[in-house]
Amino acid sequence: MKKRSLFLSTLLFFQTFFLFSQDPAAYRLPYNHPGLVVDLGVGLWANPVPVDWNGDGLNDLLVTCRDKPSKGMYYFENRGDGIFSKGKKIADGLHNLTVSWPGGIMVLCTPGVMYRNFRDDLFSHPEKIRYKQEFFSGRTNQWKFADYDGDGRYDLIVGASDWREYGWDDAYNDKGEWIHGRLHGYVYWIKNNGTNEKPRYGPAQHILAGGRPVDVYGKPSPNLVDWDGDGDLDLLCGEFLDRITFFENTGTRTAPVYAPGRFLTTGSQVLHLELEMPEVVVYDWDRDQDPDILVGMEDGRVVFIGNTGKDPDGKPVVAAPRYFRQQADFVKCGVLATPCSFDWDGDGDEDLIAGNSAGFLEYFENLGGGATPRWAAPVRLKAGGKVFRIMAGKNMSIQGPAEAKWGYTVPYVADWNMDGLPDIVLNDITGKILWLPNNGTRRHPVLGEARPVQVDWPGTPPKPAWNWWDPAPRELVVQWRTRPVVIDLNHDGLNDLVILDHEGYLSWFEREKKDGDLILRPGQRIFFDTQGNPLRLNDRKAGHSGRRKIDLVDWDGDGDLDLLVNTKNIALYRNIGSNDHFVFKDEGNLNDLYLAGHSTCPTHVDWNGDGIPDLLIGAEDGFFYYLPRK
């Protein structure tokens, strides 16, 4: 019997490696739902290029994303009914790509390079821009062409971010105040002193507004355009956070003078985009002879913001943002998706509950189909009657106030309060472990407001050493962005919690009943590596801490629990001990697919019902990748 168990476990382990393709797209999970319409989207960091690509008189969209694993430029055809086609990859995805229209001709640029005839050549004929940059730029360096001073010659306009004062990580005092500097986003004018055919560029000059250099909060995405219709070029800029700034030209077409910036408004309120890191492109999308705004969002979607004129004070007013829509193709949950497979609606098949970088929880209903499920469009879950969202705000991300709108929700579905209904337990950008009680029924879950998971600590609750704030009494605070797993580990009928603790060790928080109440005992480091040391999945500090997404499942079929851990895809830590003495051997990645620069998240599924766990991976591009074992 033991030999048979060993044989089966070895067979199941090696089955994982039989892949038919090394292209991640071959494993991307489809909606399998003809007629379904969802938000148009690509992978991480959308960058839109509006153009009538097929020459039918309708504006289409080219959308670039530049991160793993779906890096590329995708063509979405405008069918004329408000619904775009599925995206088709036509080119690679380049960093800091911009679009501008000198003389009405579309030109794409990356820093120091232009692609003049992109329609015919794509990126195959790069032309060097004969200007050597002498100013600093950080992660953002956006080059465009525009006739800044109205002399008929196309100058360079460059938006550049500067993170040197900000630093990025772990810089709060004990009051939660960020003691480093702010993000900077400058816009430069490099005058063309030659001709359009043979440009000769002068030194870079800051574009001034109110007599001072334009300086938005990182990532300027500058657009020179006559926004207010008075014949001169105004300046519209994005930022790293969520606003768009209008700098009115109060001078002339040939001698621009920019007033201090004013944030765009919709209705009477400042426009705040839903997500961070917008890529702002000004373009007359609806062809009504005034400029509109397209915004590529961090999560790969594209927003249309219509121009509705000016208020009585002459300030631009825009319509509420509206996401473009497409024929459903692949299942997507924002970016840095963190799926958990569970029969959420009690109908007998496995649904998906997933978090993402924006801090939402999204529900994907399995509509049937067995081994090839048909999926409903995502629904954002509500808790306490409101859409649930975690956001760090100005000081709850260890990496600083630039991450104010990120939440990094990582959910796990299980019956936490042991009432027979599935609840949701989650971690997020703060490291606080929360749970959402299911106050509905098995077939119709209704989530209540979030509550802290509480531990029966003997004293002051522990916390990561770099947290400027202290946990509340009994509160469980661990390393950020890690996956909690709820499981009855000791088979006593009570669900326990397994998670990385405040120092990055995989720990078991045992559930007990005390005086008729459920309590959670402090974590125990009962998981070991092959050297006999407590298993530490992350020993790094501050912003580099945490981030590990795990799943516990008998992967090799030998009767004990193995550990799946996020890597560039997913690694297997095989349990070579037992369920009474956990010893995990790192077997390395399950396959060679490259799915992450940041993070992945595993969840086991069994859609084909063969009793062998298969793998579903949430990737940083927001898509899910399904790897059945053949």
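The values are calculated or read from the model by the stated rules, or taken from the named source; none is laboratory data. Note that this is a predicted model, so its numbers are computed, not measured. FYI the Cβ positions are ideal-geometry reconstructions off the backbone, even for glycines, and counts take in every protein chain you see. What goes into the accessible areas is simple: the full protein's heavy atoms, side chains included, and nothing from ligands, DNA or RNA. Shrake-Rupley method; radii C 1.70, N 1.55, O 1.52, S 1.80 Å.
Data for the structure
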{"item": "Centroid-to-centroid separation of region 115-181 and region 422-438 [C-alpha atoms, Å]", "result": "39"}
{"item": "Extension gain, residue 347 back to residue 117 (0.36 nm per residue minus Cα-Cα distance, nm)", "result": "77.4 nm"}
{"item": "For region 584-628, Kirkwood radius (reciprocal of mean inverse C-alpha pair distance, Å)", "result": "11.7"}
{"item": "Size of electric dipole in the chain: Cβ of Lys, Arg +1 and of Asp, Glu -1, about Cα centre, debye, nearest 20", "result": "1080"}
{"item": "Residue range of the chain that is longest and free of GluC sites (Glu not before Pro) which are both DSSP loop and sparsely packed (at most 14 other C-beta within 10 Å)", "result": "198-448"}
{"item": "Semi-axis lengths (Å, descending) of the ellipsoid that matches the C-alpha gyration tensor of region 358-460", "result": "26, 20, 12"}
{"item": "Length gained when the stretch residue 92-residue 268 is fully extended (0.36 nm per residue, less Cα-Cα span)", "result": "59.3 nm"}
{"item": "Excluding exposed DSSP-loop chymotrypsin sites (Phe, Trp or Tyr not before Pro) (at most 10 other C-beta within 10 Å), longest clean stretch of the chain", "result": "21-630"}
{"item": "Debye intensity ratio in log₁₀ form over the Cα atoms of region 508-558, taken at each q of 0.17, 0.24, 0.30 Å⁻¹", "result": "-0.83, -1.07, -1.13"}
{"item": "In degrees, nearest ten, helix 2-15 long axis to first principal axis of the chain (Cα)", "result": "10"}
{"item": "Inter-site label distance for residue 460 and residue 578 at 7 Å from Cα along Cβ, in nm", "result": "4.1"}
{"item": "Residue 22-residue 52 pseudo-label distance in nm [points 7 Å out on the Cα-to-Cβ vector]", "result": "4.3"}
{"item": "Directionally averaged shadow of the chain, computed from the convex hull of its alpha-carbon atoms, nm²", "result": "30.4"}
{"item": "Estimated [θ] at 222 nm from DSSP helical runs (n ≥ 4, -39500 (n - 2.57)) normalised by residues in the chain, nearest 500", "result": "-1000 deg cm²/dmol"}
{"item": "Within the accessible area of the chain (1.4 Å probe), percent carbon and sulfur", "result": "51"}
{"item": "Alpha carbon centroid spacing (whole Å) that separates region 294-357 from region 492-560", "result": "34"}
{"item": "Computed Kirkwood radius, in angstrom, where 1/r is averaged over Cα pairs of region 508-630", "result": "16.0"}
{"item": "Region 286-303 - phi-based ³J(HN,Hα) in whole Hz, Karplus 6.51/-1.76/1.60, Gly and Pro as x", "result": "8, 6, 9, 6, 9, x, 10, 10, 10, 10, x, 9, 4, 8, x, 8, 10, 10"}
{"item": "Entries in 71/630; 68/405; 394/432; 219/405; 513/549 that, when Cα-Cα distance is taken, lie over 18 Å", "result": "71/630; 68/405; 513/549"}
